[in-house]
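Participant: After the structure tokens below, expect a handful of questions from me.
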């Protein structure tokens, strides 16, 4: 059994509902569990680190694509010059 077949079998509505439910549960737990020691300003705001991680990940992707197109990618006739 190859990876594509496994992924197709996992694409059922039950698995998607379970994954979304788990995501909602994790977000709710972040809001419910109290912080014992506050080290940074973000510890006072519920859900701050979740939003911070999401924005940071998106920013890393955007900057990496920009650097790749600006600096790393070469023309198709790079060796013909």
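Participant: Given 69, 74, which one is surrounded by fewer than 10 Cβ atoms within 10 Å (Cβ to Cβ), modelled with pLDDT of 85 or more and either over 19 Å from the mean Cα position of the chain (by Cα) or not in a loop (DSSP other than H, G, I, E, B) (or both)? Don't jump to the end; show me each part of the working.
Facilitator: Values: 74 fails: modelled with pLDDT of 85 or more.
Checking each option against the conditions leaves just 69.
Participant: For residue 64, only one of the following conditions fails: (1) surrounded by 11 or more Cβ atoms within 10 Å (Cβ to Cβ); (2) in contact with a helix residue (DSSP H, G or I) (Cβ under 9 Å, 6 or more places away or on another chain). What is its number?
Facilitator: (2)
Participant: Among what's in region 28-49 and is under 18 Å from the mean Cα position of the chain (by Cα) and at pLDDT below 80, pick the residue that is surrounded by the most Cβ atoms within 10 Å (Cβ to Cβ).
Facilitator: 30
Participant: List every residue pair whose Cβ atoms lie under 6 Å apart, where the two residues are 6 or more positions apart in sequence or sit on different chains, the first residue falls within region 20-37 and is within 16 Å of residue 54 (Cβ to Cβ), and the second residue, located anywhere, is assigned to a loop (DSSP other than H, G, I, E, B) and modelled with pLDDT of 75 or more.
Facilitator: Listed by first residue and then by second, the contacts come to 30/47; 31/46; 31/47.
Participant: In addition: Find all pairs meeting these conditions: Cβ atoms under 8 angstrom apart; at least six residues apart or on different chains; first residue within region 48-63 and at positive phi and in a helix (DSSP H, G or I); second residue modelled with pLDDT of 90 or more and surrounded by 10 or more Cβ atoms within 10 Å (Cβ to Cβ).
Facilitator: Cβ pairs passing all conditions: none.
Participant: Is it the case that some residue within region 17-26 is modelled with pLDDT under 85, in a loop (DSSP other than H, G, I, E, B), surrounded by 10 or more Cβ atoms within 10 Å (Cβ to Cβ) and out of contact with any strand residue (DSSP E or B) (no Cβ under 7 Å at 6 or more places or on another chain)?
Facilitator: The first filter runs over region 17-26 and keeps only residues modelled with pLDDT under 85, leaving 26.
Checking the rest, the ones that are also in a loop (DSSP other than H, G, I, E, B) come to none.
No, because not a single residue in region 17-26 is modelled with pLDDT under 85, in a loop (DSSP other than H, G, I, E, B), surrounded by 10 or more Cβ atoms within 10 Å (Cβ to Cβ) and out of contact with any strand residue (DSSP E or B) (no Cβ under 7 Å at 6 or more places or on another chain).
The values are calculated or read from the model by the stated rules, or taken from the named source; none is laboratory data. All figures in this text were calculated on a predicted structure; none of them were measured in a lab. So basically every Cβ, Gly included, is an ideal-geometry build from the backbone, and we count neighbours across all protein chains shown.
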